Amino acid sequence: MKKIKILTVVGARPQFIKMAPVSREIRKSFKEVVVHTGQHYDYNMSRNFFTELNLPIPDYNLGVKSLSPGCQVAIMLAGIESIIIKERPHMVLVYGDTNSTLAGALAAVKGGVALSHVEAGLRSFNRVMPEEINRVIADSISDVLFCPTTISVENLKKEGITKNVFLVGDVMCDSLYFNLSIAVQKSSILARLKLEPEKYNLLTIHRAENTQHIKDLKDILRVMDNLDMPVIFPVHPRTRKFLKGSFAPKKSLLFIEPVSYLDMIVLEKNANVIFTDSGGVQKEAYIFKRPCVTIRQETEWPETLKGGCNRLLDIKKDNISAICKAAADSKAYFNPYLYGNGNSAGRIAGILSKKIKDRK
């Protein structure tokens, strides 16, 4: 008897992290076929993640690389469609809110295959964000929706989506719990950079709203460079492309290459304050009980804003020094179970098994 087959579509660094615990669970009962779209293709953003997280080598790599969003989605869609025709999976599984998510979701629906979305129901309520459009579309056409928080369940309910919606917790929490002890043992990032715990800040910037206008990006970096504490900045390839060597740190900023997942965990866990525009990093900061400042006007993780755990920063309007000080001095309460207990992947695998058998 042939095993039930699940086609997993990933393409970006956060998706590799989310996929790791789920893949471990579903491979206990199912045959998994992995499609890497190639959306993130830099070694430090892609290949070393598969090695470090012990992920299965992708069965297919579409090699899309850096193209315009429309071209990316079109090439991914055509490639995933042909793979669906060849593999004939029982379910397509997508993660998050990237172009790979959108392409995988559309290909599944067009190919008549059931679709599951991990990290469903997130909303920033900002339709200017490409990620928001990808989320809304993926949720609207999914057959099974796995939500990380009660807020994400409520967001779907307000949009009339209530069938096959499951609150399972956050799979990134699973990854952190699983890999933290490994990271502490293996990572030497603090020693290499000569850093002491809570004596540095951490910065990540990659979203379009912060990088596509060079003046805004340089304004962010200029303010970060004037903070009193060192600011470690692993530079995303997208951000480096926009900078083109036009900004040279003079005081606090330290530009470094993108780091491995294990190194990033250690940097986050020991930072004084984390500055980011990444949804995943906001959550990781919360789980590690580290003060976070989100360099955006909104967040799809509003629960992190409670009690001063996370603060929004409008770089054009707000006093960044005051916000940084408030974040560093915060005595916020962090709910240790907000994102689950580390068994979200097990819940997802169990629900998938039942739903696929019901469809058969």
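The values are calculated or read from the model by the stated rules, or taken from the named source; none is laboratory data. The shown structure was predicted, so the numbers you read here are calculated from the model rather than taken from an experiment. Cβ sites come from the backbone with ideal geometry, for glycine too, and all protein chains shown count toward neighbours.
Working only within the stretch 273-282, note down all residues that are within 14 Å of MET172 (Cβ to Cβ) and either among the aliphatic types (A, V, I, L, M) or at pLDDT below 95 (or both). Listed by number, the residues that qualify are SER278, GLY279, GLY280, VAL281. Close Cβ contacts (under 8 Å, 6 or more residues apart or on different chains) running from residues in the stretch 182-206 that are more than 25 Å from LEU227 (Cα to Cα) to residues that are outside any loop (DSSP other than H, G, I, E, B) and among the aromatic types (Phe, Trp, Tyr) comprise ALA183/TYR261. On the basis of being at pLDDT 95 or above, of a type in the set (A, V, I, L, M, F, W, C), farther than 21 Å from ASP170 by Cα and out of contact with any Phe, Trp or Tyr (no Cβ under 6 Å at 6 or more places or on another chain), does ILE85 make the cut? Yes; evaluated as a whole, the condition is true for this residue.
Given LYS251, LYS269, which one is over 20 Å from ARG192 (Cβ atoms) and outside the structural domain of ARG13 (by TED's automatic domain parsing)?
LYS251
For the structure I just gave you, tell me whether LYS289 is at pLDDT below 90, over 15 Å from THR204 (Cα atoms), surrounded by fewer than 16 Cβ atoms within 10 Å (Cβ to Cβ) and not hydroxyl-bearing (Ser, Thr, Tyr). Considered against the rule, which asks whether it is at pLDDT below 90, over 15 Å from THR204 (Cα atoms), surrounded by fewer than 16 Cβ atoms within 10 Å (Cβ to Cβ) and not hydroxyl-bearing (Ser, Thr, Tyr), LYS289 comes out as no. There is at least one residue in the stretch 41-49 that is within 25 Å of VAL168 (Cα to Cα) and within 18 Å of the chain's Cα centre (by Cα). The single condition among (1) farther than 20 Å from PRO237 by Cβ; (2) assigned to a helix (DSSP H, G or I) that GLN72 does not satisfy is (1). Scanning the stretch 135-160 for residues that are assigned to a helix (DSSP H, G or I) and farther than 27 Å from GLY342 by Cβ yields a count of 5.
Note on the stretch 312-360: among residues that are in a helix (DSSP H, G or I) and among the polar types (S, T, N, Q), the one that is surrounded by the most Cβ atoms within 10 Å (Cβ to Cβ) is SER344.
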